Amino acid sequence: MHEEVGSWLNIIVQHLPAWAAPYVNLGVITSWVVLGLVVVLAWRCTRNLKLVAQSGWQTIGEWAYQLATSFCEGLIGPGGERFAPLIGSLFIYILIMNLTGLVPGFVSPTASLNMTLALAITALVAVQYYGFRERGWRYLLHFVGEPWWLFPLMIPIHLIGEVARLLSLSIRLFGNIFGKEVVIGQILILLGTLLAMNRLSVVLRVPAVISSVAIGHVPLLLLGLLVSLIQALIFAMLTGVYIQGAIATEHETG
Amino acid sequence: MEFTAVLAAVVGLAVPIAVIAGAFAQAKVGTAAMEGLARQPEAAGDIQRGLIITLALIESLVIYALLTFFMLQGHVATLVEKLGQS
């Protein structure tokens, strides 16, 4: 995630004004590009809305909204469709940011801990906000725990638990995406070295670089697709589970 | 020098150990999920949702080990450089 990483967006990073340079890096700019893409897609899908969908774009938008709504209802229970905008936006944004890393010449913004920590803080602040909005001051009671006289022990445990959620949510996404990018790079280097050492590339009459990309890149890209989709799904799903725990009226929800 | 050697060995061993433990845990979860799925195919959605969350929680533990590996890997390289200079 530094300037030496090869990317099409390097030229923007190198020409930043001096006051902005410490705060803006490649990941931030890539995430802005992704954000612009999502905004354009959403604008395109919701333009010229008709009562019965006549354009393909509106059909895509309705399908995505229907999917997010039914996902949230299944996860949070009746009334869960109110959280579909938050969880669906998190899913789409993270998914597109993960998939960005598979395009040659781009890096995933989520391969940087800064980005994933920001996303996790957003999600968990939203969880606390919804907890207070749904249950009022009674939300604080769930920090106390089940036998109320254990509160000197339970309140610190629950507070530490909230911080642990933040860490696990951010480090899981960061570790998976960063690991995916590093593994793709390392295996391509390894394959290139192996192919340059034996006679396969001589037989195939292609340079070792090209045959290693052809043999190794496509399966690794499929693996990357899988990892990107699953991690975005897990982030959205865990946010939903935490919201469900915060707004549930039972006492034992931690 | 011994410190560097031990560090290098430990760095190489950490991820395999974590992967073995994580693989056993994921195997147990997968077995239970498949058995439940075979017994009650109508509960497929709930079982899959729980399966994915549990697998993610286990996998994140292995990812912690991988992160530690990445951090310590750079540490080993700088240590070797320092020892080579002195």
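The values are calculated or read from the model by the stated rules, or taken from the named source; none is laboratory data. Note that this is a predicted model, so its numbers are computed, not measured. Glycine gets a Cβ as well: all are built from the backbone with ideal geometry, and neighbour counts include every protein chain shown. Ligands, DNA and RNA are stripped out before the accessible areas are found, and what is left, the full protein with its side chains, is counted by its heavy atoms. Shrake-Rupley method; radii C 1.70, N 1.55, O 1.52, S 1.80 Å.
Kindly report, to the nearest 10 Å², the accessible surface of A:Leu113 as traced by a 1.4 Å probe over protein heavy atoms only.
70
Determine the shape class of chain A: with a ≥ b ≥ c the square roots of the Cα gyration tensor eigenvalues, call it rounded for a/c under 1.5, and otherwise prolate if a/b is greater than b/c, oblate otherwise.
Here chain A falls in the prolate category.
Where in the range B:3-36 does the label zone of B:His75 land, with the point 7 angstrom along Cα→C-beta and an amide N cut-off under 13 Å?
The answer is B:3-12, B:14, whose backbone nitrogens lie closer than 13 Å to the label point.
Just to be sure I understand the model, the point goes 7 Å from the Cα along the line to the Cβ. What's the resulting A:Ile11 to A:Arg135 distance in nm?
Calculated label separation equals 5.4 nm.
Compute the helix-to-body angle for A:56-76: its Cα long axis versus the longest principal axis of chain A, expressed 0 to 90° and rounded to tens.
50
Can you list the residues in the range A:168-201 whose accessible area drops by at least 40 Å² when all protein chains are present, compared with the chain alone? Use a 1.4 Å probe, heavy atoms only.
By number: A:Ile171, A:Arg172, A:Asn176.
Show that you can apply the helix-only estimate: for the protein assembly as shown, add -39,500 (n - 2.57) for every DSSP H stretch of four or more residues, divide by all residues, and state [θ] at 222 nm to the nearest 500.
-26000 deg cm²/dmol
Leaving out ligands, DNA and RNA, what percent of the accessible area of the range A:2-253 is carbon and sulfur, probe 1.4 Å?
74
Could you give the length gained by full extension between A:Ala21 and A:Leu226, i.e. 0.36 nm per residue of separation minus their alpha carbon distance, to one decimal place?
Stretched fully, the A:Ala21-A:Leu226 segment lengthens by 70.4 nm.
Which sequence of A:Trp57, A:Trp43 reflects their accessible areas, 1.4 Å probe, from the largest down? Display every interim value, and only then the final one.
Numbers: A:Trp57 95, A:Trp43 140 Å².
Largest accessible area first, the residues go A:Trp43, A:Trp57.
Work out the mean other chain Cβ neighbour count within 10 Å for the residues of B:49-62 and drop it here as an integer.
4
Relative to the longest principal Cα axis of chain B, at what angle does helix B:2-39 sit, 0 to 90 degrees, rounded to 10?
0
I need the calculated FRET efficiency for the pair A:Val52 and A:Glu162, taking r as the beta carbon distance and R₀ as 56 Å, to the nearest 0.05.
With a Förster radius of 56 Å, E is 0.75.
Pairing the Cα long axis of helix A:113-135 with the longest principal axis of chain A, what angle in degrees results, from 0 to 90 and rounded to the nearest 10?
20
Keeping all protein chains in place and using 1.4 angstrom, which order do A:Glu181, B:Glu81 fall into by accessible surface area, from largest down?
I get B:Glu81, A:Glu181, largest accessible area first.
Relative contact order (percent) for the range A:2-253, with alpha-carbon contacts under 8 angstrom and 6 or more residues of separation?
About 24 percent, as a whole number.
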